[in-house]
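Enquirer: One structure coming up, written as structure tokens, with questions to follow.
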Amino acid sequence: MGEGTHRRAGRPSTKVLSRQAITDAALDVIEHGGYDAFTVAKLARALGVAPSALYNHVRSKQDVLLWVQEDLMTKVDVSGFGTEPWAVATRRWALSYRDVFARHAPLVPVIAVMPVAGAPRTLAVYEAVAAGFAEAGWPIVTIVPVVVALESFIFGSALDANAPADIFDTADLAGVSPVFTAAIDAFAGSGGDYTPDAGFDAGLDAMIAGLE
């Protein structure tokens, strides 16, 4: 080997992929481009690898979305069930659930209808909620319908959390919606500015009180 020539040690550097790295990149792609524009090819570009390298880790786009669902659901707080009164635990769960998906609103229509098969982390969340309901005395037959009702409200509230601040400004159409405009003005006049949190708190209070 001639002077000044050096052999590089080890193998050529390659992009190291992991489940978490793929999940994080998928979340970023979806949040910036929307779910409809999300493809495995686009995810591979975001990771700086060839699609073939990505397919060594996942079989399909659906696999990636399952990983995304699992990652997000681990952030939902179910710690109150079994340790706090039912209403307090349910509020804690609902608030954290709404906050997690409010930060990832483009995924709400996707995750809301994804099956739980093959999703142990997601099932662990549902198990904690169901066990908490059962411990609080809810008949087992009522648990799923009530959880689904609460989830429907939570997902809708997650989308509402991203609504513009002037969503209820009737502007030059105030004349065709006088009662609604008066209601908005009255609320503002009472010292409150409408926020998604105000709507969520009012709805959650009503649901929990009604369910109790």
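Enquirer: Using a 1.4 Å probe on the protein heavy atoms only, what accessible surface does Tyr35 show? Give it in Å² to the nearest 10.
Expert: Tyr35 has an accessible surface of roughly 70 Å² with all protein chains in place.
Enquirer: Ranked by accessible surface with a 1.4 Å probe, highest first, in what order do Thr90, Thr181 come?
Expert: Thr181, Thr90
Enquirer: Related question: Given a cut-off of under 8 Å on Cα pairs at least six residues apart, what relative contact order in percent is computed for the chain?
Expert: It comes to 18 percent, rounded to a whole number.
Enquirer: Counting only heavy atoms of the protein chains, get the accessible area per residue of segment 67-144 (1.4 Å probe) and round it to a whole Å² value.
Expert: Heavy-atom accessible area per residue stands at 45 Å².
Enquirer: Which value, in Å² rounded to 10, gives the accessible area of Phe180 with a 1.4 Å probe and all protein chains present?
Expert: 90
Enquirer: In debye to the nearest 20, how big a dipole does segment 19-87 give about its Cα centre with +1 on each Lys and Arg Cβ and -1 on each Asp and Glu Cβ?
Expert: Here segment 19-87 has a charge dipole of around 380 debye.
Enquirer: Ignoring ligands, DNA and RNA, how do Met114, Met73 rank by accessible area with a 1.4 Å probe, largest first?
Expert: Met114, Met73
Enquirer: Rounded to the nearest 20 debye, what is the charge dipole size of the chain about its Cα centre when +1 sits on each Lys and Arg Cβ and -1 on each Asp and Glu Cβ?
Expert: Using Cβ point charges on Lys, Arg, Asp and Glu, the chain gives about 1560 debye.
Enquirer: Right, next: Considering only Ala163, Tyr35, Phe180, whose Cα is most displaced toward the positive end of the charge dipole of the chain, charges sitting on Cβ of Lys, Arg (+1) and Asp, Glu (-1)?
Expert: Ranked along the dipole, the leading option is Tyr35.
Enquirer: Next question, about the same structure. In the chain, what percent of the accessible surface is made up of carbon and sulfur (1.4 Å probe, ligands and nucleic acids excluded)?
Expert: For the chain, the apolar C and S fraction of the accessible surface comes to 59 percent.
Enquirer: Top mean-square fluctuation among Gly137, Gly34, Gly199, Gaussian network model of the chain, C-alpha springs under 10 Å?
Expert: Judging by the Gaussian network model, the answer is Gly137.
Enquirer: In addition: Here are some values of volume of the Cα convex hull per residue in Å³: [x] 132; [y] 221; [z] 171. Which one was computed from this structure?
Expert: The listed entry that was calculated here is [y].
Enquirer: Using only Cα atoms, tell me the angle between helix 196-211 and the longest principal axis of the chain; keep it within 0 to 90° and round to the nearest 10.
Expert: Here the helix axis deviates by roughly 70 degrees.
Enquirer: Compute the signed sum of charges (Lys and Arg +1, Asp and Glu -1) over the other residues within less than 14 Å, Cβ to Cβ, of Asp28.
Expert: So the surrounding residues net to 0.
Enquirer: Excluding ligands and nucleic acids, what accessible area in Å² is computed for Asp205 using a 1.4 Å probe, to the nearest 10?
Expert: Rounded to the nearest 10, that gives 80 Å².
The values are calculated or read from the model by the stated rules, or taken from the named source; none is laboratory data. Computed from a predicted structure; not experimentally measured. FYI the Cβ positions are ideal-geometry reconstructions off the backbone, even for glycines, and counts take in every protein chain you see. What goes into the accessible areas is simple: the full protein's heavy atoms, side chains included, and nothing from ligands, DNA or RNA. Shrake-Rupley method; radii C 1.70, N 1.55, O 1.52, S 1.80 Å.
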